[in-house]
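Peer 1: One structure is given below, represented as structure tokens, and several questions about it will come after.
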Amino acid sequence: MKDYDVYLFDFDGTLCDTIDSLYPTFRFGFDAIGMHDITDAEIEEFTHHNLTEVMDEKNVKEEDRPLFIAKIVEALDNPEFIEMIKPFPETFEVLKELKRRGKRLGIVSNNTTHHIELTLKLLNFPDVFETIVGSERVAHAKPAPDCIYKAQEDMKIDHRFSTVYVGDSLQDGETGHKANVDSIVVDRHNRYEKVTGEKIFNLKDLLV
């Protein structure tokens, strides 16, 4: 595995298993706008798209979009839902080892910065991240490269530092490519035949 100076991580599905919390979160948002027939399979797919793409896919009316987004943001921070979030078994070990090796770490996500910070605190994550860039901090969410650029700006990263973006979806690989950094997709269930960048099956593969 290639060694990097900077490791930027996606959050949902990469560092934490959040799917159980996202079923009620998305239903809370859709119920608020009168859409009650959302399936688990649809929600699983939504997790790999930004909210604009989700609303476009479900043809959410323009007048309903502000309420939908507000309800999603509200539900994300519901303590009952956050309790459903679990770090993957290897997450803490890998983060601590990368930090021990002198690597610089950040989080880049389409989730909100506040939600990620709250979740990290409640789950007692190790204090290893130099920056957290949520979707509200940039003009365009992933797969636009804005979030990676913002993290590099926060961390004062330039061409002297080799950087990789680690995510769990095809969108994450695309985001890294657009930002002109390497990408690694953690494909835990071997869903993807081909990805942009490299594919691994467990975060521990980053340490090999």
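FYI, it's all coordinate maths here, none of it is from the lab. The structure displayed is predicted, hence computed values, not measured ones. Cβ coordinates were reconstructed from backbone atoms using ideal geometry, including for glycine residues, and neighbour counts include every protein chain displayed.
Peer 1: Have a look at N124, N180, N111 and tell me which one the Gaussian network model of the chain (Cα, springs below 10 Å) gives the largest fluctuation.
Peer 2: Comparing N124, N180, N111 in the GNM, the peak value goes to N124.
Peer 1: Using only the alpha carbon atoms of region 19-82, find the Kirkwood hydrodynamic radius as the inverse mean reciprocal pair distance, in angstroms to one decimal. Can you show the working numbers first?
Peer 2: Numbers: mean 1/r = 0.0860 Å⁻¹.
For region 19-82, inverting the mean 1/r across all distinct Cα pairs yields 11.6 Å.
Peer 1: Can you run the Rg to Rh ratio on the chain? Use alpha carbon positions and the Kirkwood inverse-distance Rh. List each step's numbers first, then the result.
Peer 2: Numbers: Rg = 16.6 Å, Rh = 17.4 Å.
Taking Rg over the Kirkwood Rh, I get 0.95.
Peer 1: Using only DSSP helix segments of four residues or longer, with each worth -39500 (n - 2.57), what per-residue ellipticity at 222 nm results for the chain after dividing by its residue count and rounding to 500? Mind showing how you got there, number by number?
Peer 2: Numbers: 9 runs with 83 residues, N = 208.
Only helices count here, giving -11500 deg cm²/dmol.
Peer 1: Looking only at S21, S183, S109, which one moves most when the chain is put into a Gaussian network model with springs between Cα atoms under 10 Å?
Peer 2: S21
Peer 1: Longer than 31 Å from Cα to Cα, which of K61/K199; K178/K204; K58/K86; K2/K156; K150/K199 are they? Say none if no pair is. Write out the running numbers ahead of the final one.
Peer 2: Numbers: K61/K199 37 Å; K178/K204 26 Å; K58/K86 28 Å; K2/K156 22 Å; K150/K199 25 Å.
Long pairs (Cα-Cα over 31 Å): K61/K199.
Peer 1: Mean separation of Cα pairs under 8 Å and 6+ residues apart, divided by the residue count of the chain: what relative contact order is that in percent? Please list the in-between numbers first.
Peer 2: Values: 341 pairs, mean separation 53.4, N = 208.
Value for the chain: 26 percent.
Peer 1: Counting only other residues whose beta carbon sits under 11 Å from that of E198, what net charge do I get with K and R as +1, D and E as -1? Please list the in-between numbers first.
Peer 2: On the way: positive: K2, K199; negative: D182, D187, D205.
Around E198, the charge tally is -1.
Peer 1: May I ask for the distance between the Cα centers of region 136-208 and region 3-61, given as a whole number of Å?
Peer 2: Answer, in whole Å: 18.
Peer 1: By the scheme Lys and Arg +1, Asp and Glu -1, what is the net charge of all other residues having a beta-carbon under 12 Å from that of E153?
Peer 2: Values: positive: R137, K150, K156; negative: E130, D146, D154, D158.
Neighbourhood net charge equals -1.
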